[in-house]
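Read through the structure below, which is laid out as C-alpha cells, and then see the notes.
The values are calculated or read from the model by the stated rules, or taken from the named source; none is laboratory data. All values derive from a computational prediction rather than experimental measurement. Reconstructed Cβ throughout: ideal geometry from the backbone, glycine too, with neighbour counts over all protein chains shown.
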C-alpha cells in the first residue's frame, strides 16, 4: 500500500504515436494530453484495435508499463500536482 506522503516513482503507461514515445503516470494524464475523456482512454487501453477519430491514420498504442522515473532522461512529461 502506498503511503500518503510518498511520491509516485514509476510511469505506468507508455503512449506510442507513430515513432514518438511518451511516458505518463496516470491514464488521466494521457486523456489531458490527447484531448479525450478518461473513459475513452480506458476503452483504448482494453481494446487496442479501437481507432481514435483525432488520430485517424496514425498508429496510436497505449501500453501498461512499470518504468522507474529516474531511468528515463529526455522523454519525460512533467506533471505538477
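When residues in region 10-55 are screened for being part of a loop (DSSP other than H, G, I, E, B) and farther than 28 Å from residue 70 by Cβ, 9 of them pass. Scanning region 34-81 for residues that are at positive phi and at pLDDT 90 or above returns a single hit, 35. Of everything in region 56-66, what is in a strand (DSSP E or B) and closer than 12 Å to residue 17 by Cα? Give them in sequence order. Of everything in region 56-66, those that are in a strand (DSSP E or B) and closer than 12 Å to residue 17 by Cα turn out to be 60, 61, 62, 63.
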